[in-house]
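Asker: I'd like to ask you about the structure that follows.
What follows draws every value from the coordinates through simple rules; no lab data is involved. In this text, all values refer to a predicted model and were calculated from it rather than measured experimentally. Positions of Cβ are generated from backbone atoms using ideal geometry, with glycine treated the same way; all protein chains shown enter the neighbour counts.
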Amino acid sequence: MGTVVDAANKEANGSAPINKKVTVVFVLGGPGSGKGTQCANIVEHFGYTHLSAGDLLRAEIKSGSENGTMIQNMIKEGKIVPSEVTIKLLKRAIEENENDKFLIDGFPRNEENRAAFESVTGIQPEFVLFFNCSEEEMQKRLLGRNQGREDDNIETIRKRFNVYMESSLPVIEYYSAKGKVKKIDAARPIGEVFEAVKAIFTPHLR
Ligand SMILES: Nc1ncnc2c1ncn2[C@@H]1O[C@H](COP(=O)(O)OP(=O)(O)O)[C@@H](O)[C@H]1O
Ligand SMILES: Nc1ccn([C@H]2C[C@H](O)[C@@H](COP(=O)(O)OP(=O)(O)O)O2)c(=O)n1
Ligand SMILES: [Mg+2]
C-alpha cells in the first residue's frame with residue numbers, strides 16, 4: 001500500500017512516475033548512425049521535443065555536478081553511465097517541458113537502461129526508430145564529426161562499437177520481438193534518410 005510518506009520519498013529520489021501523459025519515440029542506432037541529425041529534422045517537421053541522453057550527460061559534466069567526473073570518465077571509456085543518473089536527467093527534462101511528444105535519442109542503450117526507465121517512468125515507447133548503418137560508415141562519420149568530443153577518437157570509437165554490439169543491439173532485438181522497431185537504412189545521404197523517416201512519422205501526425 002502506498003502512503004503519503006512513500007510518495008514523498010519517491011518524489012525526493014526522483015522515482016515517482018511522470019506526472020503527465022506523454023508520447024515517446026526511442027531513437028536508436030550505433031554511434032555516428034545519424035540519430036542527432038535526423039532528430040533535428042523530425043523536430044522541425046513533426047513538433048517533437050528532442051532529448052539526447054548523451055547531450056544531457058555532457059551538460060551535466062559542464063554544470064559541475066557531483067557526478068560530473070564519473071560521467072566524463074565513463075564517456076571517455078565508451079561505457080554506459082548508470083541508469084539512475086541518465087533517467088533522472090531525462091525525467092526532469094520531460095517534466096520541465098510543456099510538450100507531450102518526445103524523441104529520446106541514444107537511450108535505452110542497455111538492458112538496465114530499458115528496464116529501469118520502464119519501471120521508474122511507467123512509459124512505453126510508441127515505437128523505436130532504428131538507424132541501421134555499417135561500422136565502416138559510422139567510423140568515417142564520427143572521425144569527421146568535428147564537435148570536439150572527447151569520445152570521437154579511434155580508440156574510444158572502437159570501445160563504443162563493442163558496447164553497442166554487446167549491450168545496445170539486444171535492446172533493439174527486445175523491441176523488435178514486440179513489433180515496435182521501425183528500421184531505416186541510415187547509410188544513405190541525409191536527405192534520403194529523412195524521406196524514409198518522414199514516411200514513418202506522417203501516419204503518426206496528430
Ligand atoms: N546520412 C548521413 N550521411 C553522411 N553523414 C551524415 C549522415 N547523417 C549524419 N551525418 C554526419 O555524421 C556525423 C554523426 O551524425 P550524428 O547525427 O551526430 O550521429 P549520432 O547522433 O547517431 O552519433 C555528423 O557529423 C553528421 O553531420
Ligand atoms: N543512455 C546513454 C546514452 C549515452 N551515454 C554516454 C555513453 C555514450 O558513449 C556517450 C555518448 O552518447 P551519444 O548518444 O551522445 O553518442 P552518439 O550520438 O551515439 O555518438 O554518452 C550513456 O552512458 N547512456
Ligand atoms: Mg548523437
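Asker: Please name which of PRO125, ILE42, LEU169 has its Cα lying farthest along the dipole of the chain towards the positive end, using unit charges on Cβ (Lys, Arg +1; Asp, Glu -1) and the Cα centre as origin.
Answerer: Most positive-ward Cα: ILE42.
Asker: Return the long-range amide H neighbours of LYS101 (sequence gap of 5 or more, or a different chain), with a cut-off of under 5 Å between placed amide H atoms.
Answerer: Long-range HN contacts for LYS101: THR23, THR49.
Asker: Spin-label point model (7 Å from Cα, Cβ direction): what's the ASN99 to GLN147 distance in nm?
Answerer: It is 1.6 nm.
Asker: Most mobile of GLY30, GLY191, GLY47 per a Gaussian network model of the chain (Cα springs, under 10 Å)?
Answerer: Comparing GLY30, GLY191, GLY47 in a Gaussian network model of the chain, the most mobile one is GLY191.
Asker: Can you sort THR69, THR23 from fewest to most other Cβ atoms within 10 Å of each residue's own Cβ?
Answerer: Working: THR69 11, THR23 16.
So the ranking, lowest neighbour count to highest, is THR69, THR23.
Asker: Moving on to the next point. Viscosity 0.890 mPa s, temperature 25 °C: Stokes-Einstein D of the chain from its Kirkwood Cα radius, in µm² per second?
Answerer: On the way: Rh = 17.7 Å.
It comes out at roughly 138 µm²/s.
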